[in-house]
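Q: One structure, pasted below without further comment.
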Amino acid sequence: MFPLPINEKPFYNTDAIAEALSATDMFDCYLEPVPGVGFVTRRRPGLLPFTDTLTGTPGDGIFWWDAANKCIAVSGGRVYDVNQDGSINDMTGDAPSIGVPCIFSDGQQLDGTPFLYIANGKLIYSINGAATVSPTDANTPAATHVDWIDDHFVANIPGTPRFVATDTNLVTGLLDNTFWSSTINPFRNTARGDNIKALRTCWEEIYVWGGEALEVWQNDYVTPFSSIPSAEAEVGLEAPYSICRTKNTLFALCVLDKKRVVVALQGRAPMVVSEPIAALLADMPTVSDAIGDLITVGGVNIYLLSFPSANQTWAYDHKNDVWCRWGYYTGEGDERDRFIGQHSCFCKAWNKHLVQSRIDGKIYELSRTAYDDAGTLMVPYRRTGWLDVSVASGGGQAAPTDHRKRCQQLYIKGKPGLKSDSSTKLLMRYQDDGRDEWSTYTELNFQGESIERLTRQGTFRTRRYEFRIPSGIDAVLVSAKGSFEELKN
């Protein structure tokens, strides 16, 4: 009995051997590890309507401001305080740039009052949720990135290898979050002298990323910041808004050894994690506009990487090292646009994962109990590679691949998902011999965790199977195996 390769990690770099041994296509799913089984396939979370800013323009950023217990969203050049019940308040004040991703960083005033900066080609700030204000300091940078470390905000000066920090105001003699004219400034990226594309503070360090290399700085409590010797990484940042932090790792889309890669920093060393999608990254027209988000699905952390120019979204489960593609169903065959969500946050006090729309000013809630995208169909599927005779024979003596095979029996195991339903269903179809035409769907019905047996499944030389979770249904694809007979012609 030959197990169909649906409990393995998908591999998307097209290769004849890989396509025969692994699942090469998976949409709007994620894999859940099960001891003794491998991975089972579940549908990704759907989207519930949460609120609408009514700007009619894409969201530019959303942030959970923990110290102020607020959710802040930016869309259409406006800043909104989003409430738990979905109502919103326009924070008025000075406006951010329109159509530019926002970077948020929160710190505090000397008296402990929460303080928030928003950077997207200019800097504006809010004190404890009050109206947004632009700093009046003439040396305030037109920063794309800002972050907080040890009572200082740091921000890049776009188009230069320099960054600056807030410090003690010479007039008041006090630390001032809006004073950018300190004589400690500027700090220069010196390892390669390349322009700074992004910076991020993590683990009491400043990660200063240029187009050619990454430098790591620390607070030496004298200058007050200096680069750490031997902490440079020879990896250039390609997408300034792809950086995400999770646990003890930073993810980013970079160029390493003249190749586009997604890296995870481990002990400041870049580890390439994107090999399963390497060919796809190489073929994209541009990746510099990629946007990274971190979301959680059923306890699984996902690094979500959207490519506006390529119209694709890829989800990386970094714990299990699995890539899969997410999309937005267009209703035209198997065509999908990239995932409708862009920019997300976890509202800790509400236990809600919110995500903005890349189309308009709407904000959605990610939910495992939603089985569509706010009314738009979601049709998840998983496909095997093309099974040839050497695979169908269970790894034994390989016969010529032009011999036909007969599928005598198929056993598909499935079960209901999160719903309390005692039954569920999946759909299955297949393609034969490299043709574009699909068979008609076979409906597979499951009572609890059970096995559906199919017989007389026809003959083929090579075959690819697809298992689809119908719209509005929660089901889990556990495993599939078949009995195949090699024919003489």
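Laboratory data are not the source of any read-out in this text; all were calculated from the coordinates shown. Please read these numbers as outputs of a predicted model, since none were measured by experiment. Cβ placement follows ideal geometry from the backbone for every residue including glycine, while neighbour counts extend to all protein chains displayed.
Q: Dipole of the chain (Lys/Arg Cβ +1, Asp/Glu Cβ -1, origin at the Cα centre): which of Gly236, Pro158, His353 lies farthest to the positive side?
A: His353
Q: A further question follows. Length gain on complete extension for the stretch Thr172 to Tyr221, per 0.36 nm per residue less the alpha carbon to alpha carbon distance? List each step's numbers first, then the result.
A: Working: separation 49, 0.36 × 49 = 17.64 nm, distance 2.08 nm.
Stretched out fully, the Thr172 to Tyr221 stretch lengthens by 15.6 nm.
Q: Given a Förster distance of 30 Å, report the FRET efficiency between Thr246 and Asn69 from their Cβ-Cβ distance, rounded to the nearest 0.05. Don't jump to the answer; show the numbers that get you there.
A: Values: r = 22 Å, r/R0 = 0.75.
Result of the calculation: an efficiency of 0.85.
Q: OK, next. Near Val146, within a Cβ-to-Cβ distance under 13 Å, what is the net charge of the other residues, with Lys and Arg +1 and Asp and Glu -1? Please list the in-between numbers first.
A: On the way: positive: Lys122, Arg200; negative: Asp106, Asp147.
With Lys, Arg at +1 and Asp, Glu at -1, the neighbours total 0.
Q: Tell me, what ³J(HN,Hα) does each residue in segment 436-453 have, in order and in whole Hz, if you take phi through Karplus 6.51 cos²θ - 1.76 cosθ + 1.60 with θ = phi - 60° and put x for Gly and Pro?
A: Couplings: 7, 6, 9, 5, 6, 6, 9, 8, 10, 10, 10, 9, x, 8, 9, 10, 9, 9 Hz.
Q: Among Gly121, Ser87, Ile72, which residue has its Cα furthest toward the positive end of the charge dipole of segment 59-131, with +1 on Lys/Arg Cβ and -1 on Asp/Glu Cβ?
A: Gly121
Q: Per residue Cα convex hull volume for segment 112-164, in cubic angstrom? The partial results should precede the final answer.
A: Working: hull volume 4.3 nm³, N = 53.
So the per-residue hull volume is 81 Å³.
Q: Ok, one more. Fewest to most neighbouring Cβ within 10 Å: what's the order for Lys348, Lys247, Lys405?
A: On the way: Lys348 11, Lys247 7, Lys405 22.
Result, fewest neighbours first: Lys247, Lys348, Lys405.
Q: Over segment 11-134, how many percent of alpha carbon pairs lie in each 5 Å bin up to the one with the longest distance?
A: With 5 Å bins starting at 0, P(r) equals 2, 10, 15, 16, 12, 8, 8, 9, 9, 7, 4, 1, 0.
Q: Classify segment 416-489: rounded, prolate or oblate, from the alpha-carbon gyration tensor (a ≥ b ≥ c, eigenvalue square roots; a/c under 1.5 rounded; otherwise prolate if a/b is larger than b/c)?
A: Values: a/c = 3.23, a/b = 1.94, b/c = 1.66.
Verdict is prolate for segment 416-489.
Q: I've got another one for you. Return one quarter of the surface area of the convex hull spanned by the alpha-carbon atoms of the chain, equal to its mean projected area, in nm². Numbers along the way, then the final one.
A: Values: hull surface 99.8 nm².
Approximately 24.9 nm², given one-decimal rounding.
Q: Normalised by the residues of the chain, what does the relative contact order come to in percent, with Cα pairs under 8 Å and at least six apart? Mind showing how you got there, number by number?
A: Values: 1305 pairs, mean separation 82.7, N = 489.
Answer for the chain is 17 percent.
Q: For a bin width of 5 Å, list the pair-distance distribution of segment 149-198 built from all Cα-Cα distances, rounded to whole %.
A: That works out to 5, 23, 27, 20, 14, 8, 4, 0, in percent per bin.
Q: Okay, moving on. Could you give the dipole magnitude of the chain about its Cα centre, charging the beta-carbon of Lys and Arg +1 and that of Asp and Glu -1, in debye to the nearest 20?
A: On the way: 46 positive and 59 negative charges, 355 e Å.
Dipole magnitude for the chain comes out near 1700 debye.
Q: Which value, in debye to the nearest 20, describes the size of the charge dipole of segment 177-237 about its Cα centre when Lys and Arg Cβ atoms bear +1, Asp and Glu Cβ atoms bear -1, and nothing else is charged? Provide the component values of the computation, followed by the final result.
A: Working: 4 positive and 8 negative charges, 45 e Å.
That gives segment 177-237 a dipole magnitude of about 220 debye.
Q: How far is the Cα center of segment 115-147 from the Cα center of segment 242-296, in Å?
A: Computed from Cα coordinates, the inter-centre distance equals 28 Å.
Q: If amide H atoms are built 1.01 Å from N in the plane of the peptide, which residues on other chains or at least 5 residues away come under 5 Å of the amide H of Ser479?
A: Lys413
Q: Hey, another quick one. Semi-axes of the equivalent ellipsoid of segment 260-319: what are they in whole Å, largest first, if each equals the square root of 5 times a C-alpha gyration tensor eigenvalue?
A: Working: eigenvalues 75, 49, 20 Å².
Output for segment 260-319: semi-axes of 19, 16, 10 Å.
Q: Sort Ile98, Ile295 by Cβ crowding within 10 Å, fewest neighbours at the top. Mind dumping the intermediate values first?
A: Details: Ile98 16, Ile295 21.
By the 10 Å Cβ count, ascending: Ile98, Ile295.
Q: Give, as a single signed number, the net charge of other residues whose beta carbon lies under 10 Å from the beta carbon of Pro10, with Lys and Arg counted +1 and Asp and Glu -1.
A: My count for the surroundings of Pro10 gives +2.
Q: Please report the spacing between the Cα centers of segment 438-468 and segment 151-210 in Å, no decimals.
A: Taking the Cα centre of each part, segment 438-468 and segment 151-210 sit 59 Å apart.
Q: Please say if segment 310-359 is rounded, prolate or oblate, where rounded means a/c under 1.5 for a ≥ b ≥ c the square roots of the C-alpha gyration tensor eigenvalues, and otherwise the choice is prolate for a/b larger than b/c and oblate otherwise?
A: Details: a/c = 2.68, a/b = 1.37, b/c = 1.95.
Note, shape of segment 310-359 comes out oblate.
Q: I've got another one for you. Run the Debye formula on the Cα coordinates of segment 131-271, all scatterers equal and no solvent, and tell me log10 I(q)/I(0) at q = 0.10, 0.16, 0.21, 0.22 1/Å.
A: Treating every Cα as an identical point scatterer, log10 I(q)/I(0) equals -0.33, -0.81, -1.29, -1.40.
Q: At 0.36 nm per residue, minus the direct Cα-Cα distance, what do Asn89 and Asp334 gain on full extension? Give it in nm, one decimal, please. Before the final figure, lay out each step's value.
A: Details: separation 245, 0.36 × 245 = 88.20 nm, distance 3.96 nm.
Between Asn89 and Asp334, full extension yields an extra 84.2 nm.
Q: Tell me, His403, His318 in order of fewest to most beta-carbon neighbours within 10 Å?
A: Details: His403 15, His318 20.
Listing His403, His318 from fewest to most nearby Cβ atoms yields His403, His318.
Q: Additional query: Could you give each residue of segment 111-124 its phi-based ³J(HN,Hα) in whole Hz, using Karplus coefficients 6.51, -1.76, 1.60 with θ = phi - 60°, and x for Gly or Pro?
A: 8, x, 5, x, 9, 10, 9, 10, 10, 7, x, 7, 10, 10
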